[in-house]
Amino acid sequence: MRTGYWNLKRNCYSVLVAVAVGGSLVGASRPVGAEQAGATAQTQAPDNDKIFQGANKLLEEKHYAEALVQYKILLATLPDDPGVLWNAGIAASLGKDYVAALPLWKHLKALDPKDARVRAKLIQVYQATNDHKSRAEERKALVDLRKSGKDAELAKQPSFCCDMFTAKDLTVYAYDYFALTGQFARRYDFLILKPDGTTDYRITLESDQLETDMAREMHEIKATERLFTLDGYYEQGKVHKTFAFYRSEISYDEAKAAVVRVLEGKTKVLSSTTRPATPKKPDNTPPR
């Protein structure tokens, strides 16, 4: 079990800042695994702690390659430490060193095959390296894990972060939904971030159940088909824009390409609505 997560951008990439290293590094409450650590590990602990914290600082400062070098120093003597492996994988992934990232995530998966976060990280690497076959296999395994109910936290999650990319100097985090639910069922969510890492707006591939039902009744689509639209939500949902209509579900790669075209200004807006501002209530406070 990991503790001390630094949650970042809806957990698409998160960093462990306090975990056990050699049985000595202290988390938020107490040393994890210190009771199993021997005298040798405890003797090495100050150096390990210093290296780990230094690597974390480099990671926070976005010096990904330098941070990865420091994590690898720790992995030379602590090859199965989950915290070090996790942060090393994050450093490699954010630094786009996917050759280094893949074995790190695979190692973590071998240590804990039921860790859904690790499987999502593998999906991200396979996406980045265009390994579509492995991506599909890993996604299926993640969906099966969720269906099994063995991971209560995963069962509550409607989606997982499947990709991170840039377009027009904008950072985009993409989310893959496990199932189409509700009237406006989302299939993929693309969060466009501000420089501070918070969400500026989102572009979504979604399916309106009411419109789909009407199209089926009018025999415009087959009973097994669904209508989808590519919609943008701006100013915290006050402004809604529709960019494209689809008579059936498109693949993630097609949706991503469509989003990139929107960000590059190559797609016209088909329709746009703005939600009226909520009128302010009169101030009935009596004057003093």
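The values are calculated or read from the model by the stated rules, or taken from the named source; none is laboratory data. Owing to the predicted nature of the structure, the values given are computational and were not obtained by experimental measurement. Because the Cβ atoms are built from the backbone with ideal geometry, glycine has one as well, and the counts that use them run over all protein chains shown.
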> Within the set of pairs 6 or more residues apart or between chains, which connect a residue that is in a helix (DSSP H, G or I) inside segment 123-140 to a residue that is among the polar types (S, T, N, Q) with Cβ atoms less than 7 Å apart?
Replying inline: Gln124/Ser93; Val125/Ser93; Tyr126/Ser134; Arg135/Gln127
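Can you say whether Asp189 is among the charged types (D, E, K, R) and touching a strand residue (DSSP E or B) at 6+ places or on another chain (Cβ under 8 Å), as far as the supplied structure shows?
When the stated conditions are applied, Asp189 passes them.
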>> Give me the residue from segment 175-198 that is assigned to a strand (DSSP E or B) and more than 13 Å from the chain's Cα centre (by Cα) and, out of that set, farthest from Phe160 (Cα to Cα).
In response: Phe184
>> For segment 221-252, give me each residue that is more than 19 Å from Thr171 (Cβ to Cβ), in contact (Cβ under 8 Å) with a residue 60 or more places away in the chain and under 19 Å from the mean Cα position of the chain (by Cα).
In response: none
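A quick yes/no check of all residues on (1) assigned by TED's automatic domain parsing to the domain that holds Tyr126; (2) at pLDDT below 95; (3) more than 23 Å from Phe160 (Cα to Cα):
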position	(1), (2), (3)
Thr204	no, no, no
Glu220	no, yes, yes
Thr242	no, no, yes
Ala255	no, no, no
Glu264	no, no, yes
>> If I ask for residues that are within 18 Å of Tyr177 (Cβ to Cβ) and either in contact with a strand residue (DSSP E or B) (Cβ under 8 Å, 6 or more places away or on another chain) or of a type in the set (A, V, I, L, M, F, W, C) (or both), which ones from segment 118-134 would you list?
In response: Ala120, Ile123, Gln124, Gln127
> Of (1) of a type in the set (Gly, Ala, Ser); (2) modelled with pLDDT of 95 or more; (3) in a loop (DSSP other than H, G, I, E, B), Ser272 satisfies all except one. Which?
Replying inline: (3)
> Quick one: Tyr188 ticks every box in (1) in contact with a helix residue (DSSP H, G or I) (Cβ under 6 Å, 6 or more places away or on another chain); (2) not assigned by TED's automatic domain parsing to the domain that holds Phe245 bar one, so which box is it?
Replying inline: (2)
>> Looking at Asp131 and the list (1) buried (at least 16 other Cβ atoms within 10 Å of the Cβ); (2) touching a Lys or Arg at 6+ places or on another chain (Cβ under 9 Å), which single condition is not satisfied?
In response: (2)
>> So if I check each of Tyr233, Tyr173, which one is surrounded by 19 or more Cβ atoms within 10 Å (Cβ to Cβ), at pLDDT 95 or above, among the aromatic types (Phe, Trp, Tyr) and touching a Lys or Arg at 6+ places or on another chain (Cβ under 6 Å)?
In response: Tyr173
> Applying the selection to segment 227-247, what residues are in contact with a Ser or Thr (Cβ under 8 Å, 6 or more places away or on another chain), outside any strand (DSSP E or B) and more than 18 Å from Gln209 (Cα to Cα)?
Replying inline: Lys238
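So that you can scan it fast, the table gives a plain yes or no per residue for (1) within 24 Å of the chain's Cα centre (by Cα); (2) assigned to a helix (DSSP H, G or I); (3) at pLDDT 95 or above; (4) not assigned by TED's automatic domain parsing to the domain that holds Ser93:
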{"position": "Ala20", "(1), (2), (3), (4)": "no, no, no, no"}
{"position": "Gly23", "(1), (2), (3), (4)": "no, no, no, no"}
{"position": "Ser29", "(1), (2), (3), (4)": "no, no, no, no"}
{"position": "Glu35", "(1), (2), (3), (4)": "no, yes, no, no"}
{"position": "Gln42", "(1), (2), (3), (4)": "no, yes, no, no"}
{"position": "Asp47", "(1), (2), (3), (4)": "no, yes, no, no"}
{"position": "Ala55", "(1), (2), (3), (4)": "yes, yes, yes, no"}
{"position": "Leu58", "(1), (2), (3), (4)": "yes, yes, yes, no"}
{"position": "Ala67", "(1), (2), (3), (4)": "yes, yes, yes, no"}
>> I'm trying to understand the selection: among the residues of segment 89-108, which are part of a helix (DSSP H, G or I) and more than 17 Å from the chain's Cα centre (by Cα)?
In response: Val99, Ala100, Pro103, Leu104, Lys106, His107, Leu108
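Name the one entry in Ala152, Ala91 that is among the aliphatic types (A, V, I, L, M) and modelled with pLDDT of 95 or more.
Going through Ala152, Ala91 in turn, the sole match is Ala91.
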> Looking at Ala120, Ala174, Ala91, Ala116, which is the one that is closer than 23 Å to Ile51 by Cβ and in contact (Cβ under 8 Å) with a residue 24 or more places away in the chain?
Replying inline: Ala91
> Of the residues in segment 189-215, how many are closer than 17 Å to Thr242 by Cα and either in contact (Cβ under 8 Å) with a residue 40 or more places away in the chain or not hydrophobic (A, V, I, L, M, F, W, C) (or both)?
Replying inline: 15
